[in-house]
Amino acid sequence: MNDRKGSEERLLGALADDRPGPEHMADMMSGVRERARAAEMRRRRAGRSAIAAGVAVVAAAVLLVVPMSYDVEVGDRLVVSWPTALAQSEDIDAALDGIDGVVGRKIGYRDGTAHARMVVIGPPVGEVVAAVREVLADHLPDHATADIARSPIIRRVGGNVLAALTQGSFRVAARGMTDDEIELAIIEELGLIGVRGADAEVTDQPDGSKRIDVRMSDSPYDSLTFEVEL
Amino acid sequence: MPDFEYHLQPIYPEAVRFARALAGSDTDGDDVLQDALVRAWRGYPKLRDKDRFRLWLMKIIGNTYRSWVVRRKLKNWLTLEFVRHVPSPVRGSFESRDLLHRALQDLPAAQREALVLFELTGATIAEIGEVQGASIPAVKSRLVRGRERLRGIIEQLDGGGAG
(Lines give C-alpha, C1' and ligand atoms only; values in the text may rest on other atoms or scores of the structure.)
Protein backbone atom coordinates (compact mmCIF):
# COMPACT_ATOMS: atom_id res chain seq x y z
CA MET A 1 0.00 0.00 0.00
CA ASN A 2 2.87 2.29 0.89
CA ASP A 3 4.56 1.47 -2.44
CA ARG A 4 1.37 2.44 -4.25
CA LYS A 5 1.00 5.65 -2.25
CA GLY A 6 4.49 6.72 -3.26
CA SER A 7 4.24 5.86 -6.96
CA GLU A 8 3.40 9.37 -8.13
CA GLU A 9 6.08 10.88 -5.90
CA ARG A 10 8.76 8.66 -7.36
CA LEU A 11 7.70 9.48 -10.89
CA LEU A 12 7.43 13.19 -10.15
CA GLY A 13 10.83 13.09 -8.51
CA ALA A 14 12.35 11.41 -11.55
CA LEU A 15 10.84 14.01 -13.83
CA ALA A 16 12.00 16.84 -11.59
CA ASP A 17 15.58 15.74 -12.24
CA ASP A 18 14.99 15.81 -15.97
CA ARG A 19 17.26 18.49 -17.46
CA PRO A 20 17.47 19.45 -21.12
CA GLY A 21 20.89 19.28 -22.75
CA PRO A 22 23.03 22.44 -22.91
CA GLU A 23 22.31 22.97 -26.58
CA HIS A 24 18.53 22.86 -26.01
CA MET A 25 18.24 26.45 -24.86
CA ALA A 26 20.50 27.70 -27.67
CA ASP A 27 18.35 25.95 -30.28
CA MET A 28 15.16 27.13 -28.62
CA MET A 29 16.28 30.75 -28.49
CA SER A 30 17.46 30.63 -32.09
CA GLY A 31 13.90 29.65 -33.08
CA VAL A 32 12.42 32.30 -30.77
CA ARG A 33 14.54 35.07 -32.28
CA GLU A 34 13.70 33.98 -35.80
CA ARG A 35 9.96 33.89 -35.09
CA ALA A 36 10.06 37.20 -33.24
CA ARG A 37 11.81 38.78 -36.23
CA ALA A 38 9.25 37.31 -38.66
CA ALA A 39 6.39 38.50 -36.43
CA GLU A 40 7.90 41.98 -36.30
CA MET A 41 8.13 42.10 -40.09
CA ARG A 42 4.53 40.94 -40.40
CA ARG A 43 3.47 43.63 -37.95
CA ARG A 44 5.32 46.30 -39.92
CA ARG A 45 3.83 45.08 -43.20
CA ALA A 46 0.36 45.10 -41.63
CA GLY A 47 1.02 48.62 -40.37
CA ARG A 48 2.03 49.77 -43.82
CA SER A 49 -1.06 48.10 -45.33
CA ALA A 50 -3.26 49.83 -42.77
CA ILE A 51 -1.66 53.18 -43.62
CA ALA A 52 -2.13 52.54 -47.34
CA ALA A 53 -5.76 51.58 -46.77
CA GLY A 54 -6.26 54.71 -44.69
CA VAL A 55 -4.73 56.87 -47.41
CA ALA A 56 -6.96 55.20 -50.01
CA VAL A 57 -10.05 55.85 -47.90
CA VAL A 58 -9.08 59.49 -47.44
CA ALA A 59 -8.36 59.87 -51.16
CA ALA A 60 -11.73 58.31 -52.03
CA ALA A 61 -13.45 60.64 -49.59
CA VAL A 62 -11.69 63.62 -51.17
CA LEU A 63 -12.71 62.50 -54.64
CA LEU A 64 -16.31 61.84 -53.71
CA VAL A 65 -17.07 64.57 -51.21
CA VAL A 66 -14.68 67.50 -51.38
CA PRO A 67 -15.57 69.99 -54.11
CA MET A 68 -12.83 70.43 -56.63
CA SER A 69 -12.18 72.05 -59.94
CA TYR A 70 -9.56 71.01 -62.47
CA ASP A 71 -8.95 70.75 -66.22
CA VAL A 72 -8.99 67.38 -67.84
CA GLU A 73 -8.39 66.31 -71.43
CA VAL A 74 -11.41 64.20 -72.22
CA GLY A 75 -11.10 63.58 -75.95
CA ASP A 76 -10.18 65.08 -79.29
CA ARG A 77 -11.80 67.02 -82.10
CA LEU A 78 -10.77 66.08 -85.61
CA VAL A 79 -11.63 68.18 -88.62
CA VAL A 80 -11.10 66.27 -91.86
CA SER A 81 -11.25 68.26 -95.07
CA TRP A 82 -11.19 67.10 -98.68
CA PRO A 83 -12.15 68.57 -102.08
CA THR A 84 -15.74 67.64 -102.92
CA ALA A 85 -15.04 67.50 -106.62
CA LEU A 86 -12.69 64.53 -106.29
CA ALA A 87 -14.77 62.13 -104.23
CA GLN A 88 -18.23 60.96 -103.19
CA SER A 89 -18.33 62.84 -99.90
CA GLU A 90 -21.32 60.86 -98.59
CA ASP A 91 -19.29 57.64 -98.94
CA ILE A 92 -16.39 59.15 -96.99
CA ASP A 93 -18.78 60.42 -94.33
CA ALA A 94 -20.33 56.96 -93.98
CA ALA A 95 -16.90 55.31 -93.76
CA LEU A 96 -15.76 57.79 -91.08
CA ASP A 97 -18.85 56.85 -89.07
CA GLY A 98 -17.59 53.30 -88.68
CA ILE A 99 -14.28 54.22 -87.04
CA ASP A 100 -13.96 53.08 -83.45
CA GLY A 101 -13.86 56.00 -81.02
CA VAL A 102 -15.80 58.45 -83.17
CA VAL A 103 -18.74 59.27 -80.92
CA GLY A 104 -20.21 62.13 -82.97
CA ARG A 105 -19.79 63.66 -86.39
CA LYS A 106 -21.10 66.56 -88.48
CA ILE A 107 -20.31 67.17 -92.11
CA GLY A 108 -20.51 70.55 -93.82
CA TYR A 109 -19.57 71.95 -97.21
CA ARG A 110 -18.02 75.29 -98.03
CA ASP A 111 -16.24 76.61 -101.11
CA GLY A 112 -15.85 73.22 -102.73
CA THR A 113 -14.43 71.59 -99.63
CA ALA A 114 -16.11 69.08 -97.34
CA HIS A 115 -15.41 69.41 -93.61
CA ALA A 116 -16.16 66.42 -91.39
CA ARG A 117 -15.95 67.48 -87.77
CA MET A 118 -15.63 64.51 -85.48
CA VAL A 119 -15.61 63.97 -81.74
CA VAL A 120 -13.21 61.22 -80.65
CA ILE A 121 -13.34 59.72 -77.17
CA GLY A 122 -11.73 56.52 -75.97
CA PRO A 123 -8.96 55.04 -78.12
CA PRO A 124 -5.63 56.85 -78.64
CA VAL A 125 -6.21 59.64 -81.14
CA GLY A 126 -3.23 58.40 -83.21
CA GLU A 127 -5.12 55.19 -83.99
CA VAL A 128 -8.19 57.14 -85.05
CA VAL A 129 -6.13 59.44 -87.29
CA ALA A 130 -4.52 56.41 -88.93
CA ALA A 131 -7.99 54.95 -89.59
CA VAL A 132 -9.12 58.27 -91.06
CA ARG A 133 -6.11 58.30 -93.38
CA GLU A 134 -7.04 54.81 -94.60
CA VAL A 135 -10.58 55.95 -95.34
CA LEU A 136 -9.30 58.95 -97.29
CA ALA A 137 -6.80 56.80 -99.21
CA ASP A 138 -9.62 54.44 -100.16
CA HIS A 139 -11.90 57.19 -101.45
CA LEU A 140 -9.63 59.90 -102.86
CA PRO A 141 -7.38 59.74 -105.93
CA ASP A 142 -3.64 59.76 -105.32
CA HIS A 143 -3.13 63.37 -106.37
CA ALA A 144 -5.90 64.71 -104.08
CA THR A 145 -4.90 66.40 -100.85
CA ALA A 146 -6.82 66.15 -97.61
CA ASP A 147 -6.27 67.78 -94.26
CA ILE A 148 -6.72 66.38 -90.81
CA ALA A 149 -6.62 68.89 -87.95
CA ARG A 150 -6.72 67.80 -84.31
CA SER A 151 -7.42 69.73 -81.16
CA PRO A 152 -7.89 68.35 -77.67
CA ILE A 153 -11.21 68.63 -75.86
CA ILE A 154 -10.49 70.06 -72.41
CA ARG A 155 -13.11 70.32 -69.74
CA ARG A 156 -13.02 72.03 -66.38
CA VAL A 157 -14.50 69.56 -63.95
CA GLY A 158 -16.35 71.25 -61.13
CA GLY A 159 -18.33 70.09 -58.12
CA ASN A 160 -17.23 66.67 -56.99
CA VAL A 161 -16.62 63.43 -58.74
CA LEU A 162 -19.59 61.74 -57.12
CA ALA A 163 -21.93 64.32 -58.65
CA ALA A 164 -20.22 64.03 -62.02
CA LEU A 165 -20.69 60.26 -61.98
CA THR A 166 -24.33 60.28 -61.01
CA GLN A 167 -25.78 63.17 -62.97
CA GLY A 168 -26.91 62.77 -66.57
CA SER A 169 -26.69 66.45 -67.28
CA PHE A 170 -24.42 69.04 -68.88
CA ARG A 171 -24.26 72.67 -69.83
CA VAL A 172 -23.03 74.27 -73.05
CA ALA A 173 -21.81 77.86 -73.01
CA ALA A 174 -22.72 78.65 -76.63
CA ARG A 175 -22.54 82.43 -76.61
CA GLY A 176 -20.80 83.57 -79.82
CA MET A 177 -20.89 80.13 -81.41
CA THR A 178 -22.20 79.43 -84.87
CA ASP A 179 -25.02 76.89 -85.20
CA ASP A 180 -22.55 74.29 -86.46
CA GLU A 181 -20.34 74.85 -83.44
CA ILE A 182 -23.31 74.54 -81.09
CA GLU A 183 -24.33 71.26 -82.71
CA LEU A 184 -20.84 69.86 -82.36
CA ALA A 185 -20.53 71.12 -78.79
CA ILE A 186 -23.74 69.28 -77.85
CA ILE A 187 -22.53 66.11 -79.56
CA GLU A 188 -19.25 66.45 -77.68
CA GLU A 189 -20.95 66.82 -74.33
CA LEU A 190 -23.20 63.86 -75.01
CA GLY A 191 -20.19 61.77 -75.96
CA LEU A 192 -18.43 62.77 -72.77
CA ILE A 193 -21.23 61.53 -70.59
CA GLY A 194 -21.46 58.24 -72.47
CA VAL A 195 -24.06 58.92 -75.15
CA ARG A 196 -22.50 57.74 -78.40
CA GLY A 197 -23.68 58.37 -81.99
CA ALA A 198 -25.96 61.27 -81.08
CA ASP A 199 -26.85 64.01 -83.53
CA ALA A 200 -27.84 67.63 -82.89
CA GLU A 201 -29.43 70.12 -85.22
CA VAL A 202 -29.84 73.84 -84.57
CA THR A 203 -32.43 75.77 -86.59
CA ASP A 204 -33.35 79.47 -86.33
CA GLN A 205 -37.00 80.16 -85.60
CA PRO A 206 -39.11 83.02 -87.08
CA ASP A 207 -39.35 84.70 -83.66
CA GLY A 208 -35.56 84.94 -83.44
CA SER A 209 -35.13 82.01 -81.07
CA LYS A 210 -33.24 78.81 -81.84
CA ARG A 211 -34.66 75.31 -81.90
CA ILE A 212 -32.31 72.48 -80.96
CA ASP A 213 -33.22 68.91 -81.91
CA VAL A 214 -31.15 66.13 -80.38
CA ARG A 215 -31.44 62.52 -81.55
CA MET A 216 -30.04 59.61 -79.59
CA SER A 217 -30.32 55.97 -80.60
CA ASP A 218 -28.89 54.65 -77.37
CA SER A 219 -28.42 56.28 -73.99
CA PRO A 220 -27.35 54.94 -70.59
CA TYR A 221 -29.63 57.48 -68.88
CA ASP A 222 -33.33 57.24 -68.12
CA SER A 223 -33.57 60.99 -68.28
CA LEU A 224 -31.11 63.60 -69.41
CA THR A 225 -31.12 67.35 -68.96
CA PHE A 226 -28.86 69.95 -70.48
CA GLU A 227 -28.69 73.68 -70.74
CA VAL A 228 -27.44 75.77 -73.67
CA GLU A 229 -26.45 79.31 -72.84
CA LEU A 230 -26.90 81.43 -75.99
CA MET B 1 18.27 40.92 -26.15
CA PRO B 2 21.02 39.27 -24.03
CA ASP B 3 19.31 40.47 -20.83
CA PHE B 4 16.34 38.22 -21.59
CA GLU B 5 18.54 35.15 -21.89
CA TYR B 6 20.43 36.13 -18.74
CA HIS B 7 17.18 35.88 -16.79
CA LEU B 8 15.98 32.81 -18.66
CA GLN B 9 19.09 30.67 -18.28
CA PRO B 10 18.82 29.72 -14.57
CA ILE B 11 15.15 28.79 -14.79
CA TYR B 12 15.23 27.26 -18.27
CA PRO B 13 15.13 23.60 -17.06
CA GLU B 14 12.07 24.42 -14.92
CA ALA B 15 10.37 26.07 -17.87
CA VAL B 16 11.05 23.05 -20.07
CA ARG B 17 9.71 20.60 -17.46
CA PHE B 18 6.64 22.74 -16.87
CA ALA B 19 5.77 23.03 -20.56
CA ARG B 20 6.44 19.37 -21.30
CA ALA B 21 4.41 18.17 -18.32
CA LEU B 22 1.50 20.41 -19.27
CA ALA B 23 1.52 19.35 -22.91
CA GLY B 24 2.10 15.67 -22.20
CA SER B 25 5.12 15.11 -24.43
CA ASP B 26 8.56 16.54 -25.07
CA THR B 27 7.70 17.57 -28.63
CA ASP B 28 4.43 19.31 -27.82
CA GLY B 29 5.94 20.80 -24.67
CA ASP B 30 8.82 22.31 -26.63
CA ASP B 31 6.32 23.77 -29.12
CA VAL B 32 4.35 25.34 -26.27
CA LEU B 33 7.55 26.63 -24.69
CA GLN B 34 8.72 28.22 -27.92
CA ASP B 35 5.34 29.94 -28.40
CA ALA B 36 5.54 31.17 -24.82
CA LEU B 37 9.11 32.40 -25.21
CA VAL B 38 8.17 34.33 -28.36
CA ARG B 39 5.42 36.06 -26.36
CA ALA B 40 7.79 36.65 -23.47
CA TRP B 41 10.49 38.00 -25.80
CA ARG B 42 8.05 40.56 -27.19
CA GLY B 43 6.70 41.49 -23.76
CA TYR B 44 10.03 41.53 -21.93
CA PRO B 45 10.77 45.25 -22.45
CA LYS B 46 7.50 46.03 -20.66
CA LEU B 47 8.34 43.87 -17.64
CA ARG B 48 9.33 46.49 -15.09
CA ASP B 49 10.35 44.24 -12.21
CA LYS B 50 12.86 41.82 -13.69
CA ASP B 51 13.02 39.94 -10.37
CA ARG B 52 9.55 38.64 -11.17
CA PHE B 53 10.78 37.13 -14.45
CA ARG B 54 10.37 33.52 -13.27
CA LEU B 55 6.74 33.80 -12.19
CA TRP B 56 5.94 36.03 -15.13
CA LEU B 57 7.30 33.44 -17.56
CA MET B 58 5.48 30.55 -15.84
CA LYS B 59 2.25 32.50 -16.16
CA ILE B 60 2.90 33.03 -19.86
CA ILE B 61 3.66 29.33 -20.34
CA GLY B 62 0.36 28.43 -18.63
CA ASN B 63 -1.61 30.86 -20.78
CA THR B 64 0.18 29.73 -23.93
CA TYR B 65 -0.60 26.12 -23.12
CA ARG B 66 -4.31 26.90 -22.79
CA SER B 67 -4.30 28.70 -26.16
CA TRP B 68 -2.37 25.80 -27.67
CA VAL B 69 -5.02 23.31 -26.48
CA VAL B 70 -7.77 25.36 -28.09
CA ARG B 71 -5.82 25.69 -31.33
CA ARG B 72 -5.09 21.99 -31.46
CA LYS B 73 -8.74 21.10 -30.92
CA LEU B 74 -9.84 23.51 -33.63
CA LYS B 75 -7.26 22.09 -36.00
CA ASN B 76 -8.37 18.56 -35.28
CA TRP B 77 -12.01 19.49 -35.80
CA LEU B 78 -11.21 21.15 -39.07
CA THR B 79 -9.30 18.13 -40.34
CA LEU B 80 -11.94 15.76 -38.96
CA GLU B 81 -9.27 13.86 -37.07
CA PHE B 82 -10.35 14.76 -33.59
CA VAL B 83 -10.84 11.77 -31.40
CA ARG B 84 -11.71 12.32 -27.79
CA HIS B 85 -8.90 11.13 -25.62
CA VAL B 86 -9.96 8.12 -23.61
CA PRO B 87 -7.39 6.73 -21.19
CA SER B 88 -6.67 3.15 -22.01
CA PRO B 89 -5.07 0.70 -19.62
CA VAL B 90 -1.41 0.41 -20.41
CA ARG B 91 0.78 -2.17 -18.77
CA GLY B 92 4.27 -1.53 -17.51
CA SER B 93 5.90 -1.06 -20.91
CA PHE B 94 6.02 2.75 -20.47
CA GLU B 95 9.08 4.46 -19.25
CA SER B 96 8.40 6.37 -16.07
CA ARG B 97 8.40 9.83 -17.71
CA ASP B 98 6.01 8.73 -20.46
CA LEU B 99 3.76 7.18 -17.86
CA LEU B 100 3.74 10.34 -15.80
CA HIS B 101 3.15 12.55 -18.82
CA ARG B 102 0.22 10.43 -19.84
CA ALA B 103 -1.20 10.34 -16.32
CA LEU B 104 -0.90 14.11 -15.98
CA GLN B 105 -3.00 14.58 -19.11
CA ASP B 106 -5.92 12.95 -17.32
CA LEU B 107 -5.85 15.47 -14.49
CA PRO B 108 -8.06 18.56 -14.56
CA ALA B 109 -6.07 21.44 -16.03
CA ALA B 110 -5.86 23.53 -12.84
CA GLN B 111 -4.73 20.55 -10.74
CA ARG B 112 -2.17 19.54 -13.37
CA GLU B 113 -0.73 23.04 -13.58
CA ALA B 114 -0.53 23.42 -9.80
CA LEU B 115 1.04 20.01 -9.30
CA VAL B 116 3.59 20.48 -12.07
CA LEU B 117 4.56 23.94 -10.85
CA PHE B 118 4.96 22.63 -7.31
CA GLU B 119 6.76 19.37 -8.07
CA LEU B 120 8.73 20.10 -11.22
CA THR B 121 9.63 23.79 -10.95
CA GLY B 122 9.87 24.20 -7.21
CA ALA B 123 7.33 27.00 -7.11
CA THR B 124 5.89 27.78 -3.69
CA ILE B 125 2.18 27.62 -2.96
CA ALA B 126 2.04 31.41 -2.86
CA GLU B 127 3.79 31.64 -6.22
CA ILE B 128 1.40 29.12 -7.75
CA GLY B 129 -1.48 31.15 -6.40
CA GLU B 130 -0.07 34.17 -8.18
CA VAL B 131 0.42 32.31 -11.45
CA GLN B 132 -3.05 30.81 -11.33
CA GLY B 133 -4.80 33.79 -9.83
CA ALA B 134 -6.05 31.56 -7.00
CA SER B 135 -6.05 31.74 -3.20
CA ILE B 136 -3.59 29.74 -1.12
CA PRO B 137 -6.31 27.35 0.20
CA ALA B 138 -7.46 26.77 -3.37
CA VAL B 139 -3.91 25.92 -4.46
CA LYS B 140 -3.47 23.56 -1.50
CA SER B 141 -6.71 21.85 -2.40
CA ARG B 142 -5.63 21.48 -6.02
CA LEU B 143 -2.33 19.96 -4.93
CA VAL B 144 -3.92 17.44 -2.56
CA ARG B 145 -6.70 16.43 -4.92
CA GLY B 146 -4.35 16.40 -7.91
CA ARG B 147 -1.87 14.18 -6.14
CA GLU B 148 -4.58 11.71 -5.07
CA ARG B 149 -6.08 11.59 -8.51
CA LEU B 150 -2.67 11.24 -10.16
CA ARG B 151 -1.88 8.32 -7.95
CA GLY B 152 -5.06 6.57 -8.98
CA ILE B 153 -4.44 7.19 -12.67
CA ILE B 154 -0.86 5.92 -12.47
CA GLU B 155 -1.97 2.78 -10.73
CA GLN B 156 -4.57 2.20 -13.39
CA LEU B 157 -2.18 2.87 -16.27
CA ASP B 158 0.61 0.85 -14.70
CA GLY B 159 -1.68 -2.05 -13.92
CA GLY B 160 -1.13 -1.67 -10.20
CA GLY B 161 -4.74 -0.92 -9.50
CA ALA B 162 -6.17 -3.57 -11.76
CA GLY B 163 -5.82 -6.48 -9.50
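Show which aspartates and glutamates lie in cross-link reach of B:Lys59 when reach means a straight Cα distance below 19 angstrom and same-chain residues fewer than eight apart are skipped.
B:Glu5, B:Glu14, B:Asp28, B:Asp30, B:Asp31, B:Asp35, B:Asp49, B:Asp51, B:Glu113, B:Glu119, B:Glu127, B:Glu130
Could you check the spin-label model distance between A:Glu201 and B:Leu47? Points 7 Å from the Cα along Cα→Cβ, value in nm.
Each label point lies 7 Å from its Cα, and together they span 9.0 nm.
Between A:Arg211 and A:Ala26, what length comes free when the chain is fully extended (0.36 nm per residue of separation minus the Cα-Cα distance, one decimal in nm)?
Stretched out fully, the A:Arg211 to A:Ala26 stretch lengthens by 57.5 nm.
Report the local net charge at A:Gly75: Lys and Arg +1, Asp and Glu -1, summed over other residues whose C-beta lies under 12 Å from its C-beta.
Once all neighbours under 12 Å are counted, the net charge is 0.
Would you kindly find the accessible area of B:Trp56, with a 1.4 Å probe and non-protein molecules such as ligands, DNA and RNA excluded, rounding to the nearest 10 Å²?
The value for B:Trp56 is about 60 Å².
What does the accessible area of A:Thr225 come to, in Å² to the nearest 10, when a probe of 1.4 Å is used?
Its accessible surface works out to 90 Å², give or take rounding.
Add +1 for every Lys or Arg and -1 for every Asp or Glu among the other residues with Cβ under 11 Å from the Cβ of A:Ser151, and state the total.
Residues close to A:Ser151 contribute a combined charge of +1.
Give me the accessible area buried between chains B and A, both sides summed, with a 1.4 Å probe, in Å² rounded to the nearest 100.
2800 Å²
Excluding B:Thr121 itself, what net charge comes from residues whose Cβ is under 10 Å from its Cβ, given Lys and Arg +1 and Asp and Glu -1?
My count for the surroundings of B:Thr121 gives -1.
Give me the inter-chain shielding for A:10-23: mean count of other chain Cβ atoms within 10 Å, whole number please.
Mean partner-chain Cβ count within 10 Å for A:10-23: 6.
How high is the FRET efficiency from A:Val57 to A:Arg155, r the C-beta distance, R0 25 Å, rounded to 0.05?
0.35
Sticking with the crude label model, points 7 Å out along Cα→Cβ, report the distance from B:Ala138 to B:Glu5 in nm, one decimal please.
Using points 7 Å along Cα→Cβ, the separation is 3.8 nm.
The values are calculated or read from the model by the stated rules, or taken from the named source; none is laboratory data. This is a predicted model, so every value here is computed, not measured. Using ideal geometry, Cβ is built from the backbone for each residue, glycine included, and neighbour counts are taken over all protein chains shown. Protein only, heavy atoms only, side chains kept; ligands, DNA and RNA dropped before computing areas. Shrake-Rupley method; radii C 1.70, N 1.55, O 1.52, S 1.80 Å.
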